[in-house]
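Asks: Got a structure here, written out as structure tokens. Questions coming.
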Amino acid sequence: MIDNGLLVQMLLGALLGLSVYLPLAAGQLSLATPAFYAVGGTLAALLSTRWSVLGATAAGGFPVLSLLLELVLGGALAGTLALLVGRLVLRLRGIYLAIATIALVEIVRVAILNLPFTGGAIGIFSIPQPFTDASGYLLTALILLVLTGWICQRLDTMPLGRAMAAIRDDELAAGCMGIDTTRVKLTAFVLSAVVAGTSGALAAHFLNTWNARQGSFDVSITTLAFVILGGSRAWLGPVVGGLLLTALPELLRPVGDVRLVLFGLVIVLGPVLAPRGLVSPELLERLGRWGSPTREQKP
Amino acid sequence: MIEALLQTLLNGAASGGVYALVALGYTLVFSVLGVINFAQGALFSLGGYLTYLLMGGRIGVNGALPGWGLPAGLPFWLALLLAAAGSGLVALLVERVAFAPLRRRGAEPLLALITSLGAGVVLVNLLQILMGAEGYAFPQESGALAGLPEVLMIGGARIRTIQLLLLLVCSAAVVGLSLWLERSRGGQALRAVAEDATTAQLLGINSDAMVRLAFVLSGALAGLGGSLIGMSVSLPGPYFGIGYGLKGLAVLVLGGLGSVPGAIAGGLLMGLAEALVPAEASGWRDALAFAILFAVLLLRPSGLLGRRTVDKV
């Protein structure tokens, strides 16, 4: 039931979950992940087809090195966009920030739909394949996930991660203690965009086609659900949430049309049944140090 | 030239009226609970489909009940009211399932965002299973326009009667709601809960009942909007409400979160701005609302007519 193709999707889901988690770890609810995902994917799709600078070989193959370059470029472009937009939107708080990031998602979606070179509603298709089967993608996605997870884990012991946690607990107090809150929030936002942009670039090749629908508001919902259901207190939460919730609609395929209704019910009931997510602080305590920040609890 | 402008302005005001309805729905819930009900877009779709069914429309072949339909169609105005009531009741159900359990636990407001989105996903997909994914055009023979001609000539401009009707119904709903909020005991109680739920409760107002009332009203407004859009354009599929729900969100922030006059003014402004987009750039029209929203959020985060609040530490 779970083949390599589904595994790649699950890993991409986990990566997008981490992309939503990073700003949230600094207390910022950003739903902009699909916008950056779409930007990364579109860039990769363009570079490997229409603009063809990275040269698909005559045999229809595509050098793996070019793919890696695209991953870097996709992440860089998304990160640059985040740097520009973040300066403006991160002044907003709470629900205002959430709505502003939804606006960004919609603007990017409409732009990709209407720009003269992104293929309109059909999008860009026949994106060349660097690998002959899904296992190559599996390995690449796994490396990306391990790398991102490692960075998130490292963050907890670094000044940046501690500053993010401080802002999450109390932004005003963090500012008073001398933390440059704007810079820290912006860094988290840019990191989130880089993860999403890189994932988008990989997804464009994996899916073989790319269009504006890949980065719609639906993706904002599902990726946020990854974090909320998985647990937003440690990076392991969104990874677990992303893996499970991406697999769920596929595993529910035998029940047919009802599967999306069931998926919706899981999203409704999840926060009610497990308000702190599957990877809850209690569970993390039991697991000990492994995969968790386990910051000392206040007495 | 003048006629064309008149036509454009009326079209803009008509869709602006619908945006105002959606935004008012958000406003009612936001003012009493401080959260946004993301199922609003799905309730918008639901209203459209309910009106379609009540008017005697038949379900297409892709639905679970192919070819099924009510034996007799109701007139448009009656179907509209019943559909609004039906959407209001489903909104109450959404409140019970997605909001009440979280409130009882005193959970983070962020979680309500997820659960209401989940409720929207359930609603839209149920519609898709029952009715199919295909588009529907409203049955026109059941006297929707009460014998009025389809096109009216006003000052030399050709105006679709349904657009005028749409504007009238929206205005009536908005004015009625504003008056009710301002004048009636129930409206005052609702505003008291919005101001301060604890104090209102101490003064003998049942704030739980007021929360339920806010949900019913907001669902009814969404259902009304969906029905009107369905009538004036068509029902392109169960997801059509989501786009209106998102634009309503933009209007909500444009006018200022929790402000009733703001939601109305924001809706009209957004509708007019969209109507003035030239046809060559119509593909970009959907981004306009969000571009305006972006500009407003950055220049004036409390919205055009919102109150500036000061965070206390």
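The values are calculated or read from the model by the stated rules, or taken from the named source; none is laboratory data. Computed from a predicted structure; not experimentally measured. Please note: Cβ atoms are built from the backbone with ideal geometry, for glycine as well, and neighbour counts cover all protein chains shown.
Asks: Only residues that are more than 25 Å from A:Arg93 (Cβ to Cβ) and either small (Gly, Ala, Ser) or surrounded by 19 or more Cβ atoms within 10 Å (Cβ to Cβ) (or both): list them for segment B:247-287, please.
Replies: Listed by number, the residues that qualify are B:Ile264, B:Leu268, B:Gly271, B:Ala273, B:Glu274, B:Ala275, B:Ala279, B:Ala281, B:Ser282, B:Gly283, B:Asp286.
Asks: Something else now. Pick out the one residue from B:Val35, B:Val22, B:Val18, B:Val61 that is touching a Pro at 6+ places or on another chain (Cβ under 8 Å) and among the aliphatic types (A, V, I, L, M).
Replies: One residue alone meets the criteria, B:Val35.
Asks: Now for a separate question. Which of the numbered conditions does A:Val255 fail, given that it passes all the others? Conditions: (1) within 14 Å of chain B (Cβ to nearest Cβ); (2) at pLDDT 85 or above; (3) assigned to a helix (DSSP H, G or I).
Replies: (2)
So that you can scan it fast, the table gives a plain yes or no per residue for (1) modelled with pLDDT of 85 or more; (2) out of contact with any helix residue (DSSP H, G or I) (no Cβ under 7 Å at 6 or more places or on another chain):
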position: B:Ala146; (1), (2): no, yes
position: B:Leu152; (1), (2): no, no
position: B:Leu166; (1), (2): yes, no
position: B:Leu181; (1), (2): yes, no
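For every residue, the table says whether it meets (1) touching a residue at least 12 places away in the same chain (Cβ under 8 Å); (2) within 14 Å of chain A (Cβ to nearest Cβ).
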residue: B:Gly176; (1), (2): no, no
residue: B:Leu190; (1), (2): yes, no
residue: B:Leu221; (1), (2): yes, no
residue: B:Leu249; (1), (2): yes, yes
residue: B:Val277; (1), (2): no, yes
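Asks: Hey, can you tell me all the residues within segment A:124-156 that are among the small types (Gly, Ala, Ser), closer than 20 Å to A:Ser48 by Cα and surrounded by fewer than 21 Cβ atoms within 10 Å (Cβ to Cβ)?
Replies: A:Ser126, A:Ala134, A:Gly136
Asks: Would you pick out the residues in segment A:76-107 that are among the polar types (S, T, N, Q) and buried (at least 22 other Cβ atoms within 10 Å of the Cβ)?
Replies: A:Thr101
Asks: Can you pull out the residues in segment B:37-58 that are crowded, with 24+ Cβ neighbours inside 10 Å and either farther than 19 Å from B:Gly230 by Cβ or without any contact (Cβ under 8 Å) to a residue 60 or more places away in the chain (or both)?
Replies: B:Asn37, B:Phe38
Asks: Inside segment B:235-247, can you point out the residues that are on the phi < 0 side of the Ramachandran plot and either among the polar types (S, T, N, Q) or not in a helix (DSSP H, G or I) (or both)?
Replies: B:Leu235, B:Pro236, B:Pro238, B:Tyr239
Asks: To continue, here is another question. Here's a check for you: in segment A:108-119, which residue that is without any contact (Cβ under 8 Å) to a residue 40 or more places away in the chain and under 16 Å from A:Gly41 (Cβ atoms) is surrounded by the fewest Cβ atoms within 10 Å (Cβ to Cβ)?
Replies: The qualifying residue surrounded by the fewest Cβ atoms within 10 Å (Cβ to Cβ) is A:Leu115.
Asks: Tell me whether segment B:26-43 contains one or more residues that are of a type outside the set (Ser, Thr, Tyr) and at positive phi.
Replies: yes
Asks: Considering only segment A:97-132, how many residues are more than 27 Å from B:Glu280 (Cα to Cα) and out of contact with any helix residue (DSSP H, G or I) (no Cβ under 7 Å at 6 or more places or on another chain)?
Replies: Looking only at that region, the number is 3.
Asks: While we're on this one: Give the residue, chosen from B:Ala291, B:Ala263, B:Ala250, that is of a type outside the set (Val, Ile, Thr), at pLDDT 85 or above, touching a Ser or Thr at 6+ places or on another chain (Cβ under 7 Å) and in a helix (DSSP H, G or I).
Replies: The unique qualifying residue is B:Ala263.
Asks: Moving to a separate point now. Test A:Pro238 against the stated conditions and say whether it is touching a Phe, Trp or Tyr at 6+ places or on another chain (Cβ under 6 Å), surrounded by fewer than 24 Cβ atoms within 10 Å (Cβ to Cβ) and either more than 9 Å from chain B (Cβ to nearest Cβ) or within 23 Å of A:Ile151 (Cβ to Cβ) (or both).
Replies: No, not satisfied.
Asks: Specify the residue that is farthest from the other protein chains (Cβ to nearest Cβ); the eligible residues are those in segment B:93-130 that are in contact with a Pro (Cβ under 7 Å, 6 or more places away or on another chain) and over 17 Å from B:Asp208 (Cα atoms).
Replies: Ranking the qualifying residues of segment B:93-130, first place goes to B:Leu127.
Asks: Confirm whether B:Thr115 is closer than 24 Å to B:Tyr19 by Cα and free of Cβ contacts under 8 Å to residues at least 24 places away in the same chain.
Replies: Answer is yes for this residue.
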